[in-house]
Amino acid sequence: SAYQSAESSSLTVGFNRRFSLFASEMKRRIDGARANFVVTVNAGALPRDLWVHDPEIGGGRIIGEGCHFIDLCGYMANSFVVSVCMNSMGNDADSMTDNVSMLLKFENGSQACINYFSNGHRGYSKERIEIFSEGRTMIMDNWRSLRGFGFDRALRKIKRQDKGHKSQFRSFVENFREGGDSLISFEEIYNVSESSIACLQSLSEDRWVDVTPLT
């Protein structure tokens, strides 16, 4: 690719969730073990004529928003997605990506189920993550608290929500000034992008779709 052939290049995208202190804590606690991830996104409904739904501008909710959670699961699993399957409760082209469940298989044997719903109540947590691994469970609620079952001590709870935005921007500025590797490797960005596209292909063709590896 043009990026790979460049003598000096640095690329990043706004996958901010992985820069949250909760994400780094969950990844550290998993410590490379195979895990099951259940991610529930209470995304809420958006007007049908909003730019997000335009495939040429916003890419749709999976390309434009669902990708964040594919990246987050890959980051915590420390592995690449190898195949995906997506199902929707929608019955027309305009609503088919508003209420979906994405299944991901990872190279290291981990797996994830990402539920991206627009039909929930706004009073419920917008984002919730459950992780099951080696007889232990973690529950992260709305980027404010992290509970653990089977761990030797309490995990985290904070007053102010942390989705990783400030941390990513701070790291980006430091990286720009001081140099070094990209904040997110090109291989990871590519894998998440291909996985997002493969999810739409899976929905269209009603089957599991392998994610094209970077060559």
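The values are calculated or read from the model by the stated rules, or taken from the named source; none is laboratory data. Keep in mind the model is a prediction, meaning the values are calculated, not measured. Virtual Cβ from ideal backbone geometry, glycine too; neighbours counted across all protein chains shown. Areas reflect the complete protein model, heavy atoms only, side chains present, ligands, DNA and RNA absent. Shrake-Rupley method; radii C 1.70, N 1.55, O 1.52, S 1.80 Å.
Things to note:
- Charge-dipole axis of the chain as Lys and Arg at +1 and Asp and Glu at -1 on Cβ define it, positive-most pick from 87, 60, 37: 37
- Across the cross-link table entries 105/166; 126/159; 105/159, which are compared at the Cα atoms, the separations over 24 Å belong to 105/166; 105/159.
- Shown for the range 123-215: the carbon plus sulfur share of the solvent-accessible area, taken with all protein chains present and a 1.4 angstrom probe, equals 49%.
- Expressed in units of 2.2 N^0.38 Å, where N is the residue count, the Cα radius of gyration of the range 59-215 is 1.13.
- Helix-only [θ]222 nm of the chain, DSSP H runs n ≥ 4, -39500 (n - 2.57) each, per residue, nearest 500: -8500 deg cm²/dmol
- Relative contact order of the range 77-215, pairs being alpha-carbon contacts under 8 Å that are 6 or more residues apart, as %: 26 percent
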